[in-house]
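Heads up: the structure comes next, in structure tokens.
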């Protein structure tokens, strides 16, 4: 009887270890939450994130209000980042959502919503993914409140 219990316990430990090692292989994408990730609007964004962006499947992440797609992750999203103020960086609209593009780390581009609270940041590795990811993400991001829009130089100078 004691031998049977020991064998059963050993089998249970082995099963748990196997499950943990399989989970580690699939692996969640390690991310840090943005400063305002606890904003309720970020929850609304997160539940609307697409299961896939192009050919990139959505992956689990380790932080609140984040998203990741691809293996390795080529598209990352953080909701609740600091909003972008007036800037000379390019700003454009995708399906009603204004985005500021920071290409200072080319070929990795950082897009941050403009005039929305909370702000959302999307990082795209252009070696693996294309900027069309914003088309797939804009519907989820559009649930955040828009308070202002991008302006062109002509809009400001008249």
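Any idea how many residues of the range 92-113 are outside any strand (DSSP E or B) and either in contact (Cβ under 8 Å) with a residue 60 or more places away in the chain or closer than 17 Å to residue 136 by Cβ (or both)?
Of the residues in the range 92-113, the ones outside any strand (DSSP E or B) are 95-96, 106-107.
Then drop every residue that is not either in contact (Cβ under 8 Å) with a residue 60 or more places away in the chain or closer than 17 Å to residue 136 by Cβ (or both), which leaves 95-96.
So the answer is 2.
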**Asked** Does residue 139 qualify as being out of contact with any strand residue (DSSP E or B) (no Cβ under 6 Å at 6 or more places or on another chain), closer than 28 Å to residue 28 by Cα and in a helix (DSSP H, G or I)?
**Response** yes
**Prompt:** Is there a residue being at negative phi, in contact (Cβ under 8 Å) with a residue 24 or more places away in the chain, assigned to a strand (DSSP E or B) and buried (at least 20 other Cβ atoms within 10 Å of the Cβ) anywhere in the range 28-50?
**Reply:** no
**Request:** Report the residue count in the range 50-61 for those that are within 15 Å of residue 27 (Cβ to Cβ) and over 11 Å from the mean Cα position of the chain (by Cα).
**Result:** 1
**Request:** Tell me, please, whether a residue that is at pLDDT 95 or above and within 14 Å of the chain's Cα centre (by Cα) can be found in the range 142-152.
**Result:** no
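Do you know which residues across the range 51-68 are in a loop (DSSP other than H, G, I, E, B) and surrounded by 14 or more Cβ atoms within 10 Å (Cβ to Cβ)? It would help to see each step written out before you state the result.
Our first condition is that a residue be in a loop (DSSP other than H, G, I, E, B); within the range 51-68, this holds for 51, 54-55, 60, 62-65.
Listed by number, the residues that qualify are 54, 63, 64, 65.
The values are calculated or read from the model by the stated rules, or taken from the named source; none is laboratory data. Because the structure is a prediction, the values reported are computed rather than measured. In this analysis, Cβ positions are derived from the backbone assuming ideal geometry, glycine residues included, and neighbour counts consider all displayed protein chains.
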